[in-house]
Amino acid sequence: MTSISWWLYTIPFISAFIHWLTIWMALKLLFHPRHPRRILGLFTLHGVFPKRQKQIAESLGRIVGQELLSFDDIEKTITNPQNVQRILPLAEEHIDHFLRTKLKETMPMISLFIGDKTIVQLKTVFMQELEQLFPVIMKNYVANLRNDLDLERIVVDKIVNFSSDRLEQMLNQILTKEFRFVEVIGAALGFFIGLLQIFLSLLMR
C-alpha cells in the first residue's frame, strides 16, 4: 500500500516531464531534421521549416510586399510636406554655395552683376520652386522604383536562400522567451493533469 501510494504521488512529476518533453520535441521538429529521413521505412520525417521554407518565404514576401511595406506607403512618407521641409535646408545651402562660389568660377562675367541682394532674391525664387518640385520628383522616382524593384521577390529570395541553421538562429533570437514560456506552460499543465489523476484515483478508492 505504501509502495503504491509513493508511486501515485510521482504521477504529477512524470506527467509534467512528459508534457515538457513532448513540447520540446515539437519545437525541435520545427527545424529538425534538416533533410528528409526515413524512419523504419514507414514514414519520412522532415523539419517543418526546412520542408516548407519556400512556401513560408512566399507567404512572408506577400505580406511584406503588400501589407507591411508598400510603395504607396513609401510615396506618402517621402512626399509628406514635413519631410520635404527637412530636405530644403540642405538644398538651400547648395544653392547659396552655387550662387556665391561656383557661379563666379564658371561664369565670372555674370557674377560681376550679381550682388548679395540679387543672390537672396534668386535663392528665394529657387527655393519656392524646389518646394513645389520635390514632391513631383519623388513621386516619379517611386513610380520608376515600383517598376524596377519587386519587394515581394526580394524577401522571397532572401528567405529561400537562408540556410536552415541561419533561419533557426534568427527565429530563436526572436522567440526564445516565447518558446521557453510554451515549455513551462506545458510542464505546468502536465503537473496539473497529474494532480487531477491522483485526485481521481483517491476518489475511486
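Computed quantities for the displayed model
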| item | result |
| --- | --- |
| Residue count for region 78-112, restricted to those that are among the hydroxyl-bearing types (Ser, Thr, Tyr), surrounded by 11 or more Cβ atoms within 10 Å (Cβ to Cβ) and over 23 Å from Val142 (Cβ atoms) | 2 |
| Residues satisfying the stated conditions in region 179-196, i.e. within 16 Å of Leu30 (Cβ to Cβ) and surrounded by fewer than 19 Cβ atoms within 10 Å (Cβ to Cβ) | Phe179, Arg180, Phe181, Val182, Glu183 |
| Failed criterion for Ile114 (all others in (1) over 30 Å from Leu68 (Cβ atoms); (2) assigned to a helix (DSSP H, G or I) hold) | (2) |
| Helices (runs of 4 or more DSSP H) contained in region 1-71 and holding at least 1 residues of a type in the set (D, E, K, R) and closer than 30 Å to Val156 by Cα | 11-28, 48-51, 53-63 |
| Flag for Glu168 being surrounded by 15 or more Cβ atoms within 10 Å (Cβ to Cβ), modelled with pLDDT of 85 or more and under 25 Å from His19 (Cα atoms) | no |
| Residue under evaluation Asp72, criteria (1) out of contact with any His (no Cβ under 8 Å at 6 or more places or on another chain); (2) modelled with pLDDT of 80 or more, criterion not met | (2) |
| Any hit, region 58-65, residues being polar (S, T, N, Q) and touching a helix residue (DSSP H, G or I) at 6+ places or on another chain (Cβ under 8 Å) | no |
| Pairs, first under 17 Å from Gln82 (Cβ atoms) in region 110-136, second polar (S, T, N, Q) and part of a helix (DSSP H, G or I), C-beta under 9 Å, six or more apart | Glu131/Gln85 |
| Enumeration of residues in region 129-183 that are under 15 Å from the mean Cα position of the chain (by Cα) and outside any helix (DSSP H, G or I) | Phe162 |
| Only listed residue being in contact with a helix residue (DSSP H, G or I) (Cβ under 9 Å, 6 or more places away or on another chain) and more than 30 Å from His35 (Cα to Cα), chosen from Lys102, Lys158, Lys117, Lys123 | Lys123 |
| Check on Ala143, surrounded by fewer than 14 Cβ atoms within 10 Å (Cβ to Cβ) and touching a His at 6+ places or on another chain (Cβ under 9 Å) | no |
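The values are calculated or read from the model by the stated rules, or taken from the named source; none is laboratory data. These numbers come from a predicted model, not from an experiment. A quick note on method: Cβ atoms are made from the backbone with ideal geometry, for glycine too, and the neighbour counts reach across all protein chains shown.
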